[in-house]
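Asks: The following block contains the structure, expressed as structure tokens.
The values are calculated or read from the model by the stated rules, or taken from the named source; none is laboratory data. Quick caveat, the model's predicted, so the values are computed rather than measured. Note that each Cβ is placed from the backbone with ideal geometry, even for glycine, and that neighbours are counted across all protein chains shown. Ligands, DNA and RNA are excluded from the accessible area calculation, which covers all protein heavy atoms including side chains. Shrake-Rupley method; radii C 1.70, N 1.55, O 1.52, S 1.80 Å.
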Amino acid sequence: MMKIHKKIAGVFAAMVVLASTSLTALAVAPGYSDYGASDTAQVTPGQAVGELVAPDTGVSVDIPADVLPQGVTQVTMAVAAKDSSEFQAAIDNAAKLGYEDVEVLDIVLLDQDGNPISQLNGEVTVTVPAKGSQNSVLYVNDEQDVTDMKAVLENRYLSFKTNHFSHYAAATLTEEAAGVPQTGDSATTVIVLGVMSAAALGILVASVKARKASVK
């Protein structure tokens, strides 16, 4: 009996550890870590830098040739998740436009001296992981106004093009705000009922004609 109790206690302890680990993973996996940086890449005039990835955050940037300012010989991407309390105005502005689940990121390119590169000579492609139902990326300006970057969602990643770096936010544009009819929408219901009624009437008429034809 003692051995059984010890086995049960061991199993219970293992379950507690597993549950604790799972909760920790859930706390980290859906969003972004506090900070992440990519490897440093060399910059050669006339050649594309290629993709820089910050593995801790899942954010990447693809840099084509001659997009970085003259004089930049090395480049690193740094990503930091921002506290929502710092961007409450942006979250509120996004909500007015129909966005929810807003998570703000500070994405920056750094040159060989660690200075931020804000303005580029062309566009780069930035990709961020989408959490849950997130389907959009918003640009957040200094006044915390937001602009949809028309990101493309593919395989749970959102990609968009930009020619400058600042604060961006992954977000969910609700179906209602996007103009997708909701379940129970009155206009949609009327249309559906009308189509169904017309189809039923057509079937009834055809059935009556078939019966009359068989009687003859």
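Asks: Scan the range 30-45 for residues that are open to solvent by less than 50 Å² (accessible area, probe 1.4 Å) and at pLDDT 95 or above and report the count.
Replies: Step one: list which residues in the range 30-45 are open to solvent by less than 50 Å² (accessible area, probe 1.4 Å), which gives 31-33, 36-38, 41, 43.
From what is left, the residues that are at pLDDT 95 or above are 41, 43.
Counting residues in the range 30-45 that are open to solvent by less than 50 Å² (accessible area, probe 1.4 Å) and at pLDDT 95 or above gives 2.
Asks: Within the range 98-114, is there a residue that is open to solvent by less than 80 Å² (accessible area, probe 1.4 Å), polar (S, T, N, Q) and within 20 Å of A54 (Cα to Cα)?
Replies: Keep residues of the range 98-114 that are open to solvent by less than 80 Å² (accessible area, probe 1.4 Å), which gives 98-99, 101-112, 114.
Among the residues that remain, those that are also polar (S, T, N, Q) are: 112.
If we keep only those that are within 20 Å of A54 (Cα to Cα) too, we end up with 112.
Yes, that holds for at least one residue.
Asks: Still on this structure: Determine if the range 49-69 includes at least one residue that is modelled with pLDDT of 90 or more, open to solvent by 50 Å² or more (accessible area, probe 1.4 Å) and more than 17 Å from L158 (Cβ to Cβ).
Replies: Among the residues of the range 49-69, at least one is modelled with pLDDT of 90 or more, open to solvent by 50 Å² or more (accessible area, probe 1.4 Å) and more than 17 Å from L158 (Cβ to Cβ), which makes the answer yes.
Asks: Quick one: which of T162, T125, T73 is under 26 Å from G50 (Cβ atoms), modelled with pLDDT of 95 or more and exposed (fewer than 14 other Cβ atoms within 10 Å of the Cβ)?
Replies: Details: T162 fails: exposed (fewer than 14 other Cβ atoms within 10 Å of the Cβ); T125 fails: exposed (fewer than 14 other Cβ atoms within 10 Å of the Cβ).
Exactly one of T162, T125, T73 is under 26 Å from G50 (Cβ atoms), modelled with pLDDT of 95 or more and exposed (fewer than 14 other Cβ atoms within 10 Å of the Cβ), namely T73.
Asks: Counting just the residues of the range 133-150 that are in contact with a strand residue (DSSP E or B) (Cβ under 6 Å, 6 or more places away or on another chain) and farther than 18 Å from T162 by Cα, which one comes out surrounded by the fewest Cβ atoms within 10 Å (Cβ to Cβ)?
Replies: The extreme case among them is S133.
Asks: If we keep just the residues of the range 145-163 that are among the aliphatic types (A, V, I, L, M) and in contact (Cβ under 8 Å) with a residue 12 or more places away in the chain, which is nearest to G58 (Cα to Cα)?
Replies: Taking the range 145-163 as the starting set, the residues that turn out to be among the aliphatic types (A, V, I, L, M) are 146, 149, 151-153, 158.
From what is left, the residues that are in contact (Cβ under 8 Å) with a residue 12 or more places away in the chain are 146, 149, 151, 153, 158.
Working: V146: 23, M149: 19, A151: 16, L153: 15, L158: 11 Å.
Result: L158.
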